[in-house]
1. Search segment 1-21 for residues that are touching a residue at least 12 places away in the same chain (Cβ under 8 Å) and of a type in the set (Asp, Glu) and pair each with any residue that is in a helix (DSSP H, G or I) and surrounded by 14 or more Cβ atoms within 10 Å (Cβ to Cβ) when their beta-carbon atoms are under 8 Å apart and the residues are at least 6 apart or on different chains.
2. So which residues in segment 7-50 are surrounded by 12 or more Cβ atoms within 10 Å (Cβ to Cβ) and polar (S, T, N, Q)?
3. Suppose we filter segment 87-108 for residues that are under 17 Å from the mean Cα position of the chain (by Cα) and surrounded by fewer than 10 Cβ atoms within 10 Å (Cβ to Cβ); how many remain?
4. When the residues of segment 20-50 are filtered to those that are assigned to a loop (DSSP other than H, G, I, E, B) and at pLDDT 95 or above, which remaining residue is nearest to the chain's Cα centre (by Cα)?
5. Cβ contacts < 7 Å: first residue over 17 Å from Glu72 (Cα atoms), restricted to segment 29-58; second residue charged (D, E, K, R) and at pLDDT 95 or above, any location; separation 6+ or different chain. Result?
6. Can you say whether Asp60 is of a type outside the set (Lys, Arg), exposed (fewer than 10 other Cβ atoms within 10 Å of the Cβ) and part of a loop (DSSP other than H, G, I, E, B), as far as the supplied structure shows?
Amino acid sequence: MSHEKRANYIVKKLKSELDLTDTQAAALDKIKEDVLAKRKELKLGGHFLPKEAVEELRADKLNPEKWNKLGEEREKKIAALRVFFTKKAVEFHAVLTPEQRGKLADLILKFQSKFDKEDED
């Protein structure tokens with residue numbers, strides 16, 4: 001699933017599960033657009049390995065320095081997105097009621113528990 005489709009799914013789910021007001025829903029839509037735009041600005045593709053790293057596989061010998069440099073560049077972009085996303089999470093948290101915050105926490109725990117069960121297998 002693309003990042004945009006995943007973001008749309010999450011926003012739709014949050015709007016429904018948290019019973020957001022029109023104002024809250026508009027704020028969430030804006031945050032979603034901002035995060036997707038930042039991801040695009042940082043050129044964070046969905047691939048695990050950048051094309052340059054994949055092309056290294058064709059060579060007779062892998063260049064670990066190049067792989068490490070590419071990995072470090074990606075890590076910097078991910079860190080920048082995390083900082084930006086955290087600011088947006090603070091914005092969203094601020095528009096929620098205490099009851100909605102509790103529901104949000106419960107939703108996240110429920111979602112995470114699905115992965116906990118998969119890790120046990």
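The values are calculated or read from the model by the stated rules, or taken from the named source; none is laboratory data. Note that the coordinates shown come from a computational prediction; the quantities given were computed from them, not determined experimentally. Backbone-built Cβ (ideal geometry, glycine too); neighbour counts: all protein chains shown.
1. Glu4/Leu36; Glu17/Lys103; Glu17/Leu107; Asp19/Gln100
2. If the condition is that a residue be surrounded by 12 or more Cβ atoms within 10 Å (Cβ to Cβ) and polar (S, T, N, Q), then Asn8, Thr21, Gln24 are the ones that fit.
3. Residues flagged as under 17 Å from the mean Cα position of the chain (by Cα) and surrounded by fewer than 10 Cβ atoms within 10 Å (Cβ to Cβ) within segment 87-108 amount to 1.
4. Leu20
5. That search, which allows pairs on different chains as well, returns Ile31/Lys88; Ile31/Glu91; Asp34/Lys88; Val35/Lys88.
6. yes
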